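Down below is the structure, laid out as structure tokens.
The values are calculated or read from the model by the stated rules, or taken from the named source; none is laboratory data. Just so we're clear, the structure is a prediction, and the values are computed from it rather than from any experiment. Here the Cβ is made from the backbone with ideal geometry for all residues, glycine too, and neighbour counts use every protein chain on show. Just so you know, the surface numbers come from the protein's heavy atoms only, side chains and all, with ligands and any DNA or RNA stripped out. Shrake-Rupley method; radii C 1.70, N 1.55, O 1.52, S 1.80 Å.
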Amino acid sequence: MRQYHLIMIFILFLSISYGQKIKVLNVGTFHMAGTTDARKVEFDVNDKNRIEETNEIARMLAQFKPTVICVEVVPSENEGINLDYSKFITDPNHKANYKGEIELIAYQVGKLAGVKRIYGIDEQATASYNYFIWKELQDQVDSLTSINYMKAAFKGFDEVDELPSTISKIKLMNTKEYWEASINVNADILTHNATQGNFEGADEAAKFYRRNLRIYSNLNQIPLSENDRVFILMGATHTAFLNEFIKRSPKYELIDLTDYLK
């Protein structure tokens, strides 16, 4: 019992010793202007109704009043994306170089909230991994678990395409259930794919974990003060990983998306 009390005191100390936490609104989306991902949500960037939907989403998210925005580009592009963003907010005729959700949501949120700088936090140097090992590996100890799970998961993901509006899609993609399924489909389920005594699937999944940990490290390398408010917009699977990392952090406080996306 004494040991339990010491542990609780230690946890309490950790929770109060870091001062005010930095508020983070961590939002997942589908890629709106093309993607190399295995699955793609159909979205017409020239459809006026879809554009108005993303404008409305941006108006709601801007109420978070972020001071910093993070998006799915690598940090080496920070100079280029900030030049593009600066032209976007000052020149109504500027055609953005960074398309899709970056232009339609991140830039719009930044413009409405008066954000001065956007940061890329993606990581690509180690991004490549054999996602399809679950159906390519020969002589697996257990191939049925992943195959059956993938079939069920893909059927569930198809529901996103069937939803009538962009906001309904994004709401679904930011639920606990969707995030957990995304992590399973993109990584954890691969641990079932192995030949006897080996770890082929797990080793591939580890590469995707490494990419997301490096994305989190990129976030942690941004100079922030306790007064900053960080809006992150990335593909929903990266959002799922970041959600797990951020909620355990002594530095950040996750803000519920439903407070803003009505």
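When Tyr209, Tyr149 are checked against the criterion of being in a helix (DSSP H, G or I), of a type in the set (Phe, Trp, Tyr) and modelled with pLDDT of 95 or more, Tyr209 stands alone in meeting it. The single condition from (1) more than 15 Å from Ala194 (Cα to Cα); (2) assigned to a helix (DSSP H, G or I) that Tyr129 fails is (2).
Screening the stretch 153-164 for residues that are touching a helix residue (DSSP H, G or I) at 6+ places or on another chain (Cβ under 6 Å) and within 20 Å of Asp44 (Cβ to Cβ) and picking the one that is modelled with the lowest pLDDT gives Val160.
Of all the criteria given as (1) open to solvent by 20 Å² or more (accessible area, probe 1.4 Å); (2) of a type outside the set (Lys, Arg); (3) more than 26 Å from Lys116 (Cα to Cα); (4) free of Cβ contacts under 8 Å to residues at least 40 places away in the same chain, the one not satisfied by Asp161 is (4).
Report the residue count in the stretch 70-92 for those that are assigned to a helix (DSSP H, G or I) and free of Cβ contacts under 8 Å to residues at least 40 places away in the same chain. Residues that pass the stated criteria total 12. You will find that of Ser86, Ser76, the residue that is closer than 21 Å to Leu242 by Cα and among the polar types (S, T, N, Q) is Ser76 and no other. The one condition from (1) within 24 Å of Tyr85 (Cβ to Cβ); (2) without any contact (Cβ under 8 Å) to a residue 12 or more places away in the chain that Asp203 does not meet is (1).
Within the stretch 220-237, which residues are hydrophobic (A, V, I, L, M, F, W, C) and not in a loop (DSSP other than H, G, I, E, B)? Passing the criteria: Val230, Phe231, Ile232, Leu233, Met234, Ala236.
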